[in-house]
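Have a look at the structure below before the remarks.
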Amino acid sequence: MRNASLYTAALWLLLLSLGSAALPISWVSPRATAYSLDEIDWIRMKADLNGDGVLSREEIWEEDASLLAKFDDADLDHDGTLSPGEFELLLITGS
Ligand SMILES: [Ca+2]
Ligand SMILES: [Ca+2]
């Protein structure tokens, strides 16, 4: 009995120490998505062909034509381009 509870305590300590460092961000973040924030950043930088920091309709089309259907919904300020935040929304809601 005594050994069993020691074992349980050690297991909990192990899980706790692993938990903060080893879990993917999507497991610990309340805003869990199909994409991690790192992935979204990476896709956005890859898709931003002219490097102006926002994504045009053409750049979205080059990246993934299936996302174009959601472009207008994601373009919250209707300026015809997707800011980093708007693109994040597109990936989160479009997947
Ligand atoms: Ca661009
Ligand atoms: Ca916009």
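Here is the figure for region 43-56: residues that are closer than 16 Å to residue 83 by Cβ, more than 8 Å from ligand 1 (Cβ to nearest atom) and surrounded by fewer than 15 Cβ atoms within 10 Å (Cβ to Cβ) total 1.
Among helices (runs of 4 or more DSSP H) lying entirely in the chain, which contain 2 or more residues that are more than 13 Å from ligand 2 (Cβ to nearest atom) and at pLDDT 95 or above?
Fully inside the chain and qualifying: 37-47, 57-63.
Return a yes/no flag: does region 82-95 have any residue that is within 21 Å of residue 34 (Cβ to Cβ) and of a type in the set (Val, Ile, Thr). Yes, region 82-95 contains at least one residue that is within 21 Å of residue 34 (Cβ to Cβ) and of a type in the set (Val, Ile, Thr).
The values are calculated or read from the model by the stated rules, or taken from the named source; none is laboratory data. Please read all numbers here as calculations on a predicted model, not as lab measurements. Cβ: placed from backbone, ideal geometry, glycine included. Neighbour counts: every protein chain shown.
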